[in-house]
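*Asks:* Got a structure for you, written out below as structure tokens; questions coming shortly.
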Amino acid sequence: MKKSTVILSAILLLSFLGAAFSVAPCLRIAGKENYCDAAVLSFNENDETQTLLNELINGIIDWKKSDVNAEKYDGKLLSPEFLALAGTTPGDWYPIGLGRYGYEDDYDAYLAVISDKVSERYLQAGKLSKYKATEWHRIALAITAMGGDPTSVGEFEGKPINLIADGTYDRGKTTSCGRQGINGWIWALITLDSKAYAVPEDAFNQRGDFIAEIARQQLSDGGFALSGTVSDPDITAMAIQALAPYYNSETVYSYESAKLTDEDGNKLKINKKVRDIVDESLAWLSSVQKEDGDFSSWGTVNVESTCQVAVALCSLNIDPLTDERFIKNGNTLLDGIRKYRLDNGGFVHSFVYDPDNPTSKPNEANTMASEQTLYTLVAIMRKLNGYRALYDMRAEFTAEERKFLDSVSERLGSLTDTSDEKEVKSALDAFLGVQAFDIRYVENYNNLVRQCERVGLTVPENEELKKGTSSGGEDVILYFAESDKKSADSLPSEENLTTEYYAEIVRLRYLLEKSEDFEGKEVYSLKVNRAYEKVRLIQQEIDSINDEIRDKLNPFENIGLKDSDTVNDIAKRVAALSDYDRSKITHGEDLLKACTQINNLRTALIISAVLVVVAAVLCAALVRNVKARKAKKAASSMGESDE
């Protein structure tokens, strides 16, 4: 067995993790309040429900921290270990929950890492994904929640990447959002409206296209499904979340149903307002809610479905804890969610085994269940305290703006069947004075429409709602603080760098690129950029080794002596990595097995060879013995003959 194989076998049996480095504070924006200084959402500490929500939220965060060893990184959830997941489902949804809650953490580290990862993925065919538009949507929402600008991320072909354009209104220039099914249309609209982005006139799709594409998937019972003809609470609730900004609108959408046909089998031509679509969906959801307050999807009662319904109600400015349609047997949606909480603060997907979700276990906290519960509880907290909805990530209401919206809601609610035309017209004018994407927060709209119809007034369509109002965020200037300089100074020499420092290096590089000029900036930029290139080379080597193990040694049970050169070559490359980087060899156990297998084969071969030699010696001795006996016998016979 070669020396490199012996070394690797010993190395792979050890646990690898170097000393942690400290993480720096959150974004420091020149002339602006630190994003993380906007503390955790304020709530009424005397309110039992809000106190409970706060405890549940922090319980999930603490559980996830323990899951990613946050104690090694000053207790930050957005630590290097967690940020390795940036750009994936668990790596992006927790930042969304944290950001919308206002939880203090290392936001700039996430923004730096995701910017780097997006730039790298844009170099691949299909960029973020060939078919899944939701890759753009999830990442864009996470960047926005962290205080970043998804219209200017990283770089591709010398220009900033616009995730909003590429993932929503211009997505169809490469692949339709619908290539992923209704999910693509739903999340494109949610993302587009997260900052009420304006859609260019020459865009591939306009807002109305997204709304119509969602609406045409509605089933006869009012629900929606990812596929097929059986309504599903998750997709129905998500469709409501996407359509929520357009609920208080008189715009009629015309579309051809993708699900419903007439008696002759022709697809139905439908004309509907969003309000009618949503009301039908709400009625169906209410009808399938369980007695415990939760919901079932694909035959399994679970927490995630319940969460999506709660978020849907909050997006409509409906209190999910008091709406009678969603209280069953005295149990609210929050009751239906809380039943899935475990003692460690995390949430289980379901208490029964779900074959469609095999990674979730009935007795263990699940990361997807916990992340969805986290942002759902945040959505409820935001609703109860008058903040913007979960996915409405524009600047929070000022006290004056909130007071104005409440006053309009009150005026609409005060209208009765005895109100004269002047009173109704005054209330209508007040409603029309509300900003387009804020009308979703006005209550009693249905009463306004009914009273207008009674006195012969018409509620006009809101043209601004179709266009959007924002073109994106501003390119902020960041500070490269003294703590950042110390962090850069403390980086190891190039020969001692490992990928453990990737998140910190990328964060420092991100700050330097966006910071004001200062004395020594060029020196720091040179050092950090060289460190960045070194770490990238190490990561490329790790990826290459993992690919070769998968491609050249799989299936591992078929490995033979013919593969010894390949195994030894890979073993040498792994042995050349640092302890920390060896821990990122995802097929390390398989490589160890391959080394052991080849070693066993060699041992067996040696033993066989020895046995062959021994057998040959024995055979030779036996032959000599036989010959000797024959010769002796022959000699004896000759002697007797002579006599």
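*Asks:* Residues of segment 67-110 being surrounded by 20 or more Cβ atoms within 10 Å (Cβ to Cβ) and aliphatic (A, V, I, L, M), which ones?
*Replies:* Within segment 67-110, VAL68, ALA70, LEU77, LEU78, LEU83, ALA86, ILE96, LEU98, ALA109 meet the criteria.
*Asks:* Limited to segment 509-540, what total is found for residues that are out of contact with any strand residue (DSSP E or B) (no Cβ under 8 Å at 6 or more places or on another chain) and without any contact (Cβ under 8 Å) to a residue 40 or more places away in the chain?
*Replies:* Qualifying residue count, segment 509-540: 19.
*Asks:* What do you reckon, is ILE114 at pLDDT 95 or above and in contact with a Gly (Cβ under 9 Å, 6 or more places away or on another chain)?
*Replies:* yes
*Asks:* Continuing with the same structure: Looking at THR373, THR306, which one is buried (at least 17 other Cβ atoms within 10 Å of the Cβ), closer than 21 Å to LYS65 by Cα and at pLDDT 95 or above?
*Replies:* Answer to the check: THR373.
*Asks:* Here is a further query. Going through segment 176-216 one residue at a time, which ones are in contact with a strand residue (DSSP E or B) (Cβ under 7 Å, 6 or more places away or on another chain) and either of a type in the set (Phe, Trp, Tyr) or over 16 Å from THR144 (Cβ atoms) (or both)?
*Replies:* TYR197, GLY208, ILE211, ALA212, ALA215, ARG216
*Asks:* Can you find a residue in segment 287-297 that is at positive phi and in contact (Cβ under 8 Å) with a residue 24 or more places away in the chain?
*Replies:* Scanning segment 287-297, I find at least one residue that is at positive phi and in contact (Cβ under 8 Å) with a residue 24 or more places away in the chain, so the answer is yes.
*Asks:* Output the number of the condition that ALA196 fails; it satisfies all remaining conditions of (1) on the phi < 0 side of the Ramachandran plot; (2) modelled with pLDDT of 95 or more.
*Replies:* (1)
*Asks:* Working only within segment 242-256, note down all residues that are surrounded by fewer than 24 Cβ atoms within 10 Å (Cβ to Cβ) and within 24 Å of LEU316 (Cβ to Cβ).
*Replies:* TYR247, SER249, GLU250, THR251, VAL252, TYR253, SER254, TYR255
*Asks:* Name the helices (runs of 4 or more DSSP H) wholly within segment 147-262 that hold at least 3 residues that are not hydrophobic (A, V, I, L, M, F, W, C)?
*Replies:* Answer list for segment 147-262: 182-193, 207-215, 233-243.
*Asks:* Could you pull out the residue among GLU516, GLU522 that is open to solvent by less than 100 Å² (accessible area, probe 1.4 Å) and charged (D, E, K, R)?
*Replies:* None of the others qualify; the one that does is GLU516.
*Asks:* Further question on the same structure: Can you tell me which residue is surrounded by the fewest Cβ atoms within 10 Å (Cβ to Cβ) among those in segment 206-223 that are within 16 Å of SER281 (Cα to Cα) and in contact with a Lys or Arg (Cβ under 9 Å, 6 or more places away or on another chain)?
*Replies:* Across segment 206-223, the extreme among qualifying residues is SER220.
*Asks:* Regarding LYS259, is this residue more than 30 Å from THR367 (Cα to Cα) and exposed (fewer than 15 other Cβ atoms within 10 Å of the Cβ)?
*Replies:* No.
The values are calculated or read from the model by the stated rules, or taken from the named source; none is laboratory data. Keep in mind that what you see is a predicted model, and the values were worked out from it rather than measured. Cβ: placed from backbone, ideal geometry, glycine included. Neighbour counts: every protein chain shown. Accessible surface is based on the protein model in full, side chains and every heavy atom, while ligands, DNA and RNA are left aside. Shrake-Rupley method; radii C 1.70, N 1.55, O 1.52, S 1.80 Å.
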